[in-house]
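What follows is a set of notes on a single structure, which appears directly below.
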Amino acid sequence: MKRAPLLLLAVLLLTLPMLSAKNTDSPASVPVLLGLEPVRADLKLSSLQCALLDSLRSEYKKRAHQITAIGMADQDAALRANWDLQDLRRQFNSRAIDVLSTSQQDRLRQIERQMLGGTLLTSVSEQKLLGLSPQQQASLAVIEKNNQATASAITSQFNNGKISNFRKDINLHRNQQNSSRKMLAVLTPKQKKEWEILSGQKLGLPKIHDPSANSKSLFEGY
């Protein structure tokens with residue numbers, strides 16, 4: 001397989017309780033995330049697990065690309081495609097997490113906090129875990145709405161030939177980083193400290209990864 005630097009990786013134990021229940025409301029694609037070699041090594045996935053996840057990731061990306069292509073027709077089609085992509089992501093996230101053991105699921109959530117950053121705070125289960133107030137939840141919703149609007153505008157610029165694919169990816173990555181920082185700023189100092197503990201041991205990320213598992217792929221639909 002051709003390999004290239006993971007340029008656009010999303011900027012993405014102890015005493016606090018871990019998430020033992022399955023979390024499928026991640027804003028990213030879990031099948032794609034589980035395709036990263038450092039993640040697989042950290043989770044100590046078996047060859048059978050890797051084979052199952054490879055199949056899921058291939059099916060997910062194929063269907064996601066089909067939905068994205070249909071969504072390029074017009075604005076109404078784009079809106080429908082966005083909802084279809086969210087539903088597709090939920091389905092495949094659930095299927096991918098089912099492949100993991102309970103301890104692997106817990107560790108994966110830690111890795112998501114590290115790699116996705118504040119973006120993960122859009123997860124309802126994450127908001128409940130940190131005890132976010134209704135006001136904080138509302139603030140996150142506004143940030144996410146602006147994030148989606150900016151991402152849609154960037155994609156529209158690319159579809160209309162105004163920017164290159166490379167520039168589109170760079171702009172989407174910057175938009176995701178900015179949104180992540182704003183979301184983390186919503187947390188109180190105590191919640192931020194809790195977030196750091198819940199993120200667990202740092203995941204080592206080499207410079208070379210699967211080129212199909214960049215941040216653009218982690219957030220299908222942008």
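A few comments on the model shown:
- Checking every one of the trypsin sites (Lys or Arg not before Pro) in region 20-109 against DSSP loop status and a limit of 11 other Cβ atoms within 10 Å picks out 44.
- Cross-link pairs beyond the 19 Å C-alpha cut-off, checked among 128/192; 44/202; 145/193: 145/193
- If the convex hull is drawn through the Cα atoms of region 44-149, its volume per residue in Å³: 112 Å³
- Segment residue 160-residue 193, extension gain: residue separation times 0.36 nm, minus the distance between their alpha carbons: 7.5 nm
Throughout, read-outs are computed from the coordinates displayed, never taken from laboratory work. Everything numeric in this text was worked out from a predicted model, so none of it was measured. So basically every Cβ, Gly included, is an ideal-geometry build from the backbone, and we count neighbours across all protein chains shown.
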